Amino acid sequence: MATTLFTQNIIACIWDFDKTLIPDYMQAPLFRRYGVHENTFWAEANGLAEAYRHRGYQISGELAYLNHLLTYVLAGRMPKLNNRVLRECGAEIQFYPGLPDFFTTSRQWVSEKPEYVKHEIQLEHYIVSTGLAEMIRGSAIAPFVDGIWGCHFVENPLQPGYLSQKELDISADAEIAQIGLVIDNTTKTRALFEINKGTNKNSGLDVNANMVPEDRRIPFQNMIYIADGPSDIPSFSVVRKGGGKGYAVYNPARSDEFAQNDRLRSVGRIDHYGPADYTAGSTTSHWLRLHIQSICDRIVADRESAVAQRVSRPPRHLGDRDTAAQAPSAKQATFL
């Protein structure tokens, strides 16, 4: 008998991080720890691509800030910066109102009706960020999410000839030395397909493998993508094209961010927008609850419709009235 890989009763909220879950950039605690002026660092990082172009080099804008962090380490401005330190700095990240409690509260929305419980509907939360994965893992929100995508650094890079050497002891004071993984605003969409196909839950599945829609773990129509602005347009587009929702947030204290989100909605890039306030009575909380439960209702309707189409009615005993109604008359029998 043919079976599907997944039951498709899971909903996913997929979150950007900086300016979406937090008011600022996550690296702020890192700069404070080492006494680095934050605005100076970002001005330097943002100017690297142009500066190198004049030297005849090409550098990816998304790689620039990661490379510049490594340069600060090599120059002694951030001595002994490693993944442990990144996690410690992550613990200092301050979140928008209502977080991380919102992640726990929202999971309860998919069990508020008996039919949701009957169909075992679940809500999962994922963070897909161009920031530093280790800082997110060290933050207060990490225990409440089902997966984190972000940029990685490598400590103690393997040396030439490592294949023929025994594993060496790793120093606890090692520094980050190489970029291990880059997540940019375009490759974020790969993470969306990993969530969609379930490769993050089943390592035997390849994100590039051809997979029919009914075999995917979380259909795009079961997703809501939440972010802060134009840099997330590729991800908004992927989710919305597949039938999901796009929701943008803004800092309530920033009128320019409000205007930016209004433009995104006016040109059809998002479904709606609201303040980055995740407390129980906020507009954003109400909107997310409404649409999460709308997805629940559709899942219930789709699954019950599928059962009705695939399962025939059982046989039953016929009474005298049924027999009389079904028996042909003598005249009718002549033509049967």
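Taken over the stretch 138-156, the criterion of being aliphatic (A, V, I, L, M) and part of a strand (DSSP E or B) is satisfied by ILE148, VAL154.
Taking the listed residues MET26, MET78, the one that is of a type in the set (A, V, I, L, M), in contact (Cβ under 8 Å) with a residue 24 or more places away in the chain, crowded, with 21+ Cβ neighbours inside 10 Å and in contact with a Ser or Thr (Cβ under 9 Å, 6 or more places away or on another chain) is MET26, with no other qualifying. Looking only at residues of the stretch 92-137 that are out of contact with any helix residue (DSSP H, G or I) (no Cβ under 8 Å at 6 or more places or on another chain) and in a loop (DSSP other than H, G, I, E, B), we find that the one that is nearest to ASN196 (Cα to Cα) is GLU120. Taken together, ILE195, ILE218 contain a single residue that is surrounded by 15 or more Cβ atoms within 10 Å (Cβ to Cβ) and either touching a helix residue (DSSP H, G or I) at 6+ places or on another chain (Cβ under 7 Å) or part of a loop (DSSP other than H, G, I, E, B) (or both), which is ILE218.
Condition check ((1) modelled with pLDDT under 75; (2) more than 20 Å from THR20 (Cβ to Cβ)) across all residues:
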{"site": "GLN260", "(1), (2)": "no, no"}
{"site": "ARG265", "(1), (2)": "no, no"}
{"site": "THR284", "(1), (2)": "no, no"}
{"site": "SER294", "(1), (2)": "no, yes"}
{"site": "ALA308", "(1), (2)": "yes, yes"}
{"site": "PRO314", "(1), (2)": "yes, yes"}
{"site": "ASP320", "(1), (2)": "yes, yes"}
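Among the residues that make up the stretch 157-176, is at least one of them part of a strand (DSSP E or B), at pLDDT 85 or above and either under 25 Å from ASN202 (Cβ atoms) or in contact with a Phe, Trp or Tyr (Cβ under 9 Å, 6 or more places away or on another chain) (or both)? For the stretch 157-176, residues part of a strand (DSSP E or B), at pLDDT 85 or above and either under 25 Å from ASN202 (Cβ atoms) or in contact with a Phe, Trp or Tyr (Cβ under 9 Å, 6 or more places away or on another chain) (or both): present.
Only one of the numbered conditions (1) out of contact with any Asp or Glu (no Cβ under 9 Å at 6 or more places or on another chain); (2) farther than 30 Å from PHE258 by Cβ; (3) in contact (Cβ under 8 Å) with a residue 60 or more places away in the chain is not met by ASN208, and that is (3). Note on the stretch 259-286: residues that are touching a strand residue (DSSP E or B) at 6+ places or on another chain (Cβ under 8 Å) and surrounded by 18 or more Cβ atoms within 10 Å (Cβ to Cβ) amount to 11.
The values are calculated or read from the model by the stated rules, or taken from the named source; none is laboratory data. Nothing here was measured: the structure is a model prediction, and the numbers come from that model. Cβ: placed from backbone, ideal geometry, glycine included. Neighbour counts: every protein chain shown.
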